[in-house]
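Accompanying notes for the structure given below.
The values are calculated or read from the model by the stated rules, or taken from the named source; none is laboratory data. This structure is a prediction, so every number in the text was calculated from the model and none was measured. Every residue, glycine among them, receives a Cβ derived from its backbone with ideal geometry; neighbour counts consider all protein chains shown. SASA here: full protein model, heavy atoms, side chains in, ligands and nucleic acids out. Shrake-Rupley method; radii C 1.70, N 1.55, O 1.52, S 1.80 Å.
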Amino acid sequence: LLANRAGPVVAAELETFCDRVQAVADKLSAIADFPDRGAALERAADLDRFCAEVDVMVGVNVAGPGGQAFPATKVRAFAEAEGMKLWDDGAFHYCDETGRSQFFLCNLETTAFSPENIRNLSTHGVTLLLEVPRVANGAAVFGQMLALANRFAASVGGTVVDDNRKPLTDAGIARIKEQLGGLYSKMGARRIEAGSLHALRLFS
């Protein structure tokens with residue numbers, strides 16, 4: 001693996017890897033054939049730059065009614081009714097049939113949700129986020145996420161808003177979809193399909 005979210009492989013790591021492969025080869029009386037290490041490091045740096053370009057999260061927010069706070073118990077009740085599960089990261093995740101997260105709902109404020117605090121917590125809103133490179137069929141999943149955001153807004157009397165806390169318009173939604181299309185096209189051009197095992201390893 002030449003890169004992941006921690007960055008590209010560096011010379012010392014590559015050297016260690018090659019040494020260990022060589023040690024195994026020696027024990028098996030085999031020959032280890034290594035590619036040029038300088039070229040491998042260049043590919044790693046190039047891959048890391050590409051990953052930084054497409055490692056994007058798109059999201060929408062739901063603000064409370066009239067900018068007022070509401071109980072987090074309403075978040076939990078809604079999320080669980082939608083089949084979402086609270087993970088250790090403090091967000092409610094919507095998963096596919098294999099258990100892989102498709103998008104998640106988290107607190108708009110800094111306090112993460114937890115089983116211990118949610119009964120006494122209030123919040124001014126929530127954020128729903130989709131990790132672009134880790135999700136296949138991203139346009140369809142974004143549509144699911146947006147529909148869920150609208151249902152939650154209706155349930156609490158809130159409003160679906162953008163990152164500037166302005167109501168999310170059709171034009172804003174169109175821009176997000178256009179951004180998604182561009183990112184997935186870039187990934188496809190590199191033969192790294194979003195949501196594939198390759199992508200999950202790169203963006204881990």
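Some points to look at:
- Relative frequency of Cα-Cα separations exceeding 28 Å in segment 45-204, percent: 23
- Furthest towards positive pole of dipole, Gln179, Ser29, Ala44, structure part the chain, Cβ charges: Gln179
- Set of lysines near Lys177 by C-alpha distance (under 21 Å), chain-local residues within fewer than 8 positions excluded: Lys166, Lys186
- Remark: the Ala30-Arg43 segment gains 2.0 nm on full extension, using 0.36 nm per residue and subtracting the alpha carbon distance.
- Working from Cα pairs under 8 Å separated by at least six residues, relative contact order for the chain is 25 percent.
- Sum of -39500 (n - 2.57) over DSSP H runs of 4+, divided by residues of the chain (222 nm, nearest 500): -14500 deg cm²/dmol
- Candidates per trypsin sites (Lys or Arg not before Pro) in segment 68-144, loop by DSSP, up to 16 other Cβ within 10 Å: Arg100, Arg119
- For segment 21-179, the solvent-accessible area with a 1.4 angstrom probe is 55 square angstrom per residue.
- With 0.36 nm allotted per residue and the present C-alpha distance subtracted, the Ala139-Arg175 stretch has 11.8 nm of extension available.
- Under the combined filter of DSSP loop state and at most 12 neighbouring Cβ atoms within 10 Å, segment 63-120 retains these GluC sites (Glu not before Pro): Glu97, Glu116.
- The lysines within cross-link reach of Lys85, meaning a Cα-to-Cα straight distance under 20 Å and a gap of 8 or more places when in the same chain, are Lys74.
- Distance-filtered residues of segment 97-117 - backbone nitrogen under 20 Å, label point 7 angstrom along Ser204 Cα→Cβ: 97-103
- For segment 56-115 versus segment 24-55, the gap between their alpha-carbon centres in whole angstrom: 39
- Fraction of accessible area attributable to carbon and sulfur, the chain (%, probe 1.4 Å): 52
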